[in-house]
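So the structure is just underneath, and the comments pick up after that.
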């Protein structure tokens, strides 16, 4: 059954891939993005595009929409530490306006792009949704505030909502890949070294209590992630706020990622060991049991070489 | 050394008592309150009064102020469950505007009225500031969001801030006592029965794992609480966000409170045992070790009969 969906932030990396999956599934898709960090060409063919801010969502939302998929947010952890007010204003204030617009229009289904950053330093591994939330950055705190806001909205006003807490999203799909400014994610950074655009990759700490001493993260292919969003649309239940971690449950170390990039690209990737950065936990791995059980999600692209190969294809294309 | 302080919500119960303590200590006090839940007569003599909203704080704040003490908030847990958007908009959105006004005016010290409701169901007792925060109402979630916001503001912009997480504030001081609408706090409710304004007090659950089966809470005299705010002004350190629980560390059960009201007032207080309410933990008691160590706080009015006697005097006066 085809539906009509508003995708906020649909000109960004994850939002764009999800929008493309929705179009491919035969749905009517309207992307709302102010292009403050997104790219016009990231909006998939077949989706309508509104250049606008979520604060003004009431201008466009009406009861013809079946749901909102909400990705629009600032997402740079480092920037959030320096300019926290920007994150509270946009991520939290913007979502308040979006929820009000949804109430006004009678749109009662929401899938929200949350994050593992809501947990902060893990108390155990893998991380489950009932673990404590103690974000260590304004970015994580702003996303947690929105999760709490959605919980209240579901209980009070019958919203059916699913928050998906992403671990390390990677890979590419169609015209959408990772390009942050400044780039801060490991795989695109290592690929920039492979492309000769950076001299070496910095390894921040090689004395962690992990098999090779470098930090372990849970990388998930953006297409697997996108599929979870479509499943979440089906799973959303009026009055309930379901929270699901999205990860593979397998961790890869920084050194494993670098070695995989060497193999996939055939390029040498010099590395430089630097000191640990504050606030980097040794291991961040998801328990995605809830997503498997409640959404019926079954990620099929957990192979790191495959994730890197897709990211490499995008990086080469984008480098031209 | 006398200072100049803006007290938001200073026409309310706790804000009014703190404003009065500041006036008595020889400070210049300006109360900002929109009177949406406060009372004009709650503003102490000797304080200036601005009837206005914290969203417009930039109109009045300038660098002549030494600090802001921020109490303005909606604080009814039950209402927050029904109208969560009101709490996000006012408590969180309002504080965003207040912090922006403080940045603009160069006012770099803040004492914030936080709450034990940020913790939710306790994982152990007494509750310490490093315990997990898992609020169970939009009210608690909105206060936690503000605490997170202040943490970021301190780290990024050098704010010196203290959040005080109140347990069960009670008693009265000067012209300020508890009068919520609807009343939801135990001591004023029991006093209404003593006054003959209610037929009986409902005891929500007498089968909790506590000595007499009723819920145990940590009651703190509002004057003790106010003293912690003045100490917090001294303790606030640029770039640091200090969070302190405020409680006596002694719990009293619902039955002990009712019995104390009978003794203090000399009136019979019929009670009716009702079922447990959802979301009521058996025991909520604070560890106030941080407040004692970091603020030098030493509450001197922990005696329940004294707290009830002060509340009774206020209730009788207000009943006339």
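Across the stretch B:1-69, counting alpha-carbon atoms alone, Rg and Dmax equal 10.8, 33 Å. Which of rounded, prolate, oblate describes the stretch B:63-112, given a ≥ b ≥ c as roots of the alpha-carbon gyration tensor eigenvalues and a/c under 1.5 marking rounded, otherwise prolate only if a/b is larger than b/c? Prolate, since a/c reaches 1.5 and a/b exceeds b/c. Using a Gaussian network model on chain B with a 10 Å cutoff between Cα atoms, which of B:278, B:174, B:46 fluctuates the most? Taking springs between Cα atoms under 10 Å, the residue moving most is B:278.
Quote the FRET efficiency, to the nearest 0.05, computed for residue B:25 versus residue B:250 with a Förster distance R0 of 25 Å and r equal to the Cβ-Cβ distance.
On the way: r = 27 Å, r/R0 = 1.10.
Once the sixth-power term is evaluated, E becomes 0.35.
If I take R0 = 51 Å and measure r between the Cβ atoms of residue B:234 and residue A:305 in this structure, what FRET efficiency does the formula 1/(1 + (r/R0)^6) give, to the nearest 0.05? Walk me through the numbers before you get to the answer.
Values: r = 59 Å, r/R0 = 1.16.
In this case the efficiency is close to 0.30.
Of all beta bridges that DSSP places with both ends in the protein assembly as shown, some 5 percent have antiparallel geometry.
Summary of packing: across the peptides A:140-148, A:55-63, the per-residue average of other C-beta atoms within 10 Å ranks them, highest first, as A:140-148, A:55-63.
Each of A:203, B:82, B:29 was scored by other Cβ atoms within 10 Å of its Cβ. Arranged with the fewest first, they read B:82, A:203, B:29. Distance distribution note for the stretch A:1-123: the fraction of Cα pairs above 26 angstrom is 19%. For the stretch B:103-147, the percent of C-alpha pairs falling in each 10 Å distance bin, counted from 0 to the bin holding the largest distance, reads 27, 43, 20, 9, 1. Counting every C-alpha pair in the stretch A:133-195, the share spaced more than 21 angstrom apart comes to 47%. Shown for residue A:62: label points 7 Å from Cα along the beta-carbon vector, and their distances to the equivalent points in the other copies, 5.0 nm in ascending order.
Here, the protein assembly as shown is characterised by an Rg to Rh ratio of 1.01, where Rg is the alpha-carbon radius of gyration and Rh the Kirkwood radius.
Neighbouring Cβ atoms from other chains, within 10 Å of the Cβ of residues in A:138-146, number 4 on average. With the helix formula -39500 (n - 2.57) applied to DSSP H stretches of n ≥ 4, chain A reaches a computed 222 nm mean residue ellipticity of -10000 deg cm²/dmol.
Which three numbers, in whole Å and largest first, are the semi-axes of the equivalent ellipsoid of chain B derived from its Cα gyration tensor as √(5λ)? It would help to have the intermediate numbers written out before the result.
On the way: eigenvalues 197, 92, 66 Å².
Whole-Å semi-axes of the equivalent ellipsoid: 31, 21, 18.
Grab the beta carbon distance between residue A:124 and residue B:273, set R0 = 25 Å, and tell me the FRET efficiency rounded to 0.05. Step by step, r from the Cβ atoms, then E = 0.05. Inter-copy label distances at residue B:25, shortest first and taken from points set 7 Å along Cα to Cβ: 5.8 nm. Would you give the gap between the C-alpha center of the stretch B:188-241 and the C-alpha center of the stretch A:21-50, rounded to a whole Å? One Cα centre to the other: 52 Å.
Each part reduced to its alpha carbon centroid, the stretch B:247-320 and the stretch A:101-175 end up 37 Å apart. When chain A is treated as a Gaussian network with alpha carbon springs shorter than 10 Å, the biggest mean-square fluctuation among A:202, A:114, A:253 belongs to A:202.
Volume per residue for the stretch A:83-232 equals 155 cubic angstrom (convex hull of Cα atoms). Distances from residue B:45 to itself in the other copies, using label points 7 Å out along the Cα-Cβ axis, amount to 8.0 nm in increasing order.
How big is the convex hull of the Cα atoms of the stretch B:255-320, per residue, in Å³? All intermediate terms of the calculation are to be shown ahead of the outcome.
Working: hull volume 9.9 nm³, N = 66.
Spelled out: Cα convex hull of the stretch B:255-320, divided by residues, is 150 Å³.
Read the figures in this text as sums done on the coordinates, not as results from a lab. Note that the coordinates shown come from a computational prediction; the quantities given were computed from them, not determined experimentally. Please note: Cβ atoms are built from the backbone with ideal geometry, for glycine as well, and neighbour counts cover all protein chains shown.
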